[in-house]
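Report on one structure; see the data block that follows.
The values are calculated or read from the model by the stated rules, or taken from the named source; none is laboratory data. What you see is a predicted model, and the numbers here were worked out from it, not measured in a lab. So basically every Cβ, Gly included, is an ideal-geometry build from the backbone, and we count neighbours across all protein chains shown. Surface accessibility is based on the protein's heavy atoms, side chains included, excluding ligands, DNA and RNA. Shrake-Rupley method; radii C 1.70, N 1.55, O 1.52, S 1.80 Å.
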Amino acid sequence: MLPNMILPMFLSLVTVDFARGEKVDVTMASWLVESWFQNSAIPNDTLLTITLQNTPIYQKGWQGSFAHNPPSDPFSRSHEAVSNLQDSIAALLHRGEKRLRENSLQLIKKVDPADLPVLLSATRAVFASFQAFWNQVCTSIQYGQEHVEKENVQRYMEYGLETNFWIKFRPYLQCRSTRRIGPEIGGAKSWCNSEYFQSATPQHFFSGGSGYDYVYESIIYTWVPNARIVTADCFMNQEEVARSTGWKEEKFIFKENCLTGDLRGDVPKGFDNKFVTFSQLLDDCKENYGIDSFNAIKVNIEASEYGMFGHIFHKNRSETLLKGTSHIHLEHHRMGMQRFGKSWASLLWSELLWATFMSGGFHPVSTEKWHDSTACQDVEFVNQTWYLEAEMSAVRDIMEYSGPISFVRYSEDIAQFECGEECQGFAATVSKSKK
């Protein structure tokens with residue numbers, strides 16, 4: 001740790017070096033990263049007592065879909081429960097910062113000295129992501145329950161309670177380049193530093209939850225023709241999927257499974273044998289298809305993401321389960337959805353979900369709100385170590401991208417596009433959910 005009496009002098013020297021364009025050496029860069037970590041605004045001594053791994057967030061005895069019922073609410077009548085949640089979020093974020101510190105210090109020793117200024121700039125941006133999210137959490141908790149529930153409190157009504165809710169869940173980290181890849185309708189995804197991602201020759205993709213919607217898979221095959229995609233959905237069957245897609249198993253693997261966590265409280269009756277953890281699914285993919293990791297993951301599983309990622313990010317489990325994963329595209333549902341989701345409990349569970357991602361080093365870099373639904377939005381999370389490497393590449397390798405920036409035309413972009421069986425089925429599902 002840098003002594004407090006030396007730190008201001010050291011930082012002034014680093015500032016001078018940057019200003020003069022002089023090279024920063026490994027020692028200086030390492031001390032700077034250490035100082036950012038040590039001076040974080042996030043407490044480093046709080047207890048992790050509430051996690052998505054060990055805490056039921058759904059009501060007992062729910063009917064229909066658990067996500068469309070009011071969530072479990074230990075917070076409205078207990079300041080202690082809110083305080084414990086805030087402490088747990090701090091502990092999760094501190095865990096993520098420790099990962100960042102370790103990863104950045106390792107990269108500092110490996111990279112060309114000429115890359116150090118970009119690496120340091122990107123590292124500071126990631127530290128700022130943690131602390132900006134923490135600042136939001138503290139401020140939102142200080143506002144309290146009324147700022148998302150009470151329509152008669154004038155100071156919180158200028159932009160509306162829905163805005164107050166969803167504004168928390170925004171990008172906290174920015175990429176040098178972000179491209180939305182796919183047709184100009186809903187369902188396409190944004191990709192942080194897509195050229196760097198593609199340059200690594202990605203091969204394996206996972207798509208959790210499909211219904212009748214295979215826009216994601218179609219886009220991946222257009223972008224990465226040799227991709228192998230594993231899609232899982234326990235509410236579909238092999239025959240239905242085969243009729244809808246026509247893709248062969250050597251490139252498209254469909255599993256009649258849904259994802260859950262260790263508590264399994266989100267599993268509907270009659271589906272117990274079809275719900276699995278991500279660990280179980282990955283073991284199956286490795287044994288039967290030779291796939292032991294995914295370059296990118298897309299998940300749209302109607303709020304089962306809380307249990308799924310509570311399992312994945314428990315302790316150090318993600319280091320194995322997300323080995324090689326740089327992007328996670330999440331359809332983030334709030335508990336209670338449209339009818340019951342605009343609540344204090346739903347807000348706090350969502351805060352815990354995002355903190356869980358960040359504890360494993362995955363940061364929100366883009367969001368796309370579903371404006372016809374108050375229940376969910378698309379979020380792109382990116383691995384922080386991959387982000388550091390991609391940001392360095394964007395500067396170092398710029399001369400390698402001398403060709404034109406190309407865009408693909410998709411069938412849905414054509415004026416005469418006809419909505420076929422797959423499209424009609426998904427549209428009917430969406431319309432039904434809005435009623």
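Annotation note: of LEU173, LEU119, the sole residue that is of a type outside the set (S, T, N, Q) and over 21 Å from GLU380 (Cβ atoms) is LEU119. Filter the range 232-255 for residues that are surrounded by fewer than 19 Cβ atoms within 10 Å (Cβ to Cβ), within 19 Å of LYS274 (Cα to Cα) and of a type in the set (D, E, K, R) and give the result. Correct list: GLU239, GLU240. A search for C-beta distances below 8 Å between a residue of the range 400-411 that is surrounded by 10 or more Cβ atoms within 10 Å (Cβ to Cβ) and any residue that is in a loop (DSSP other than H, G, I, E, B), counting only pairs 6+ apart in sequence or on different chains, returns TYR410/GLY182; TYR410/PRO183; SER411/PRO183; SER411/PHE417. Entry remark, the range 222-231: residues being out of contact with any strand residue (DSSP E or B) (no Cβ under 7 Å at 6 or more places or on another chain) and surrounded by 18 or more Cβ atoms within 10 Å (Cβ to Cβ) number 1 in total. The set of residues from the range 258-267 being of a type outside the set (D, E, K, R) and open to solvent by 30 Å² or more (accessible area, probe 1.4 Å) comprises just one member, LEU263.
Let's see how each residue does on (1) at pLDDT 90 or above; (2) touching a strand residue (DSSP E or B) at 6+ places or on another chain (Cβ under 7 Å):
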{"position": "SER210", "(1), (2)": "no, yes"}
{"position": "VAL215", "(1), (2)": "no, no"}
{"position": "GLN238", "(1), (2)": "no, yes"}
{"position": "PHE254", "(1), (2)": "yes, yes"}
{"position": "ASN257", "(1), (2)": "yes, yes"}
{"position": "LEU263", "(1), (2)": "yes, no"}
{"position": "PRO268", "(1), (2)": "no, no"}
{"position": "LEU282", "(1), (2)": "yes, no"}
{"position": "ASN288", "(1), (2)": "yes, no"}
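Considering only the range 71-127, state which residues are closer than 22 Å to THR139 by Cα, touching a residue at least 40 places away in the same chain (Cβ under 8 Å) and among the small types (Gly, Ala, Ser). Scanning the range 71-127 gives SER76, SER88, ALA90, ALA91, GLY96, ALA125.
Output the residues belonging to the range 29-55 that are open to solvent by less than 40 Å² (accessible area, probe 1.4 Å), free of Cβ contacts under 8 Å to residues at least 60 places away in the same chain and in a helix (DSSP H, G or I). Across the range 29-55, the qualifying residue is only SER35. One residue stands out in the range 184-221 among those that are open to solvent by 60 Å² or more (accessible area, probe 1.4 Å), of a type in the set (S, T, N, Q) and touching a helix residue (DSSP H, G or I) at 6+ places or on another chain (Cβ under 9 Å): the one that is nearest to PRO364 (Cα to Cα), namely GLN198. Tell me which residues, restricted to the range 302-318, are buried (at least 24 other Cβ atoms within 10 Å of the Cβ) and outside any helix (DSSP H, G or I). Selection gives ALA303, PHE313.
Looking only at the range 308-323, count how many residues are over 14 Å from the mean Cα position of the chain (by Cα) and touching a residue at least 60 places away in the same chain (Cβ under 8 Å). Looking only at that region, the number is 2.
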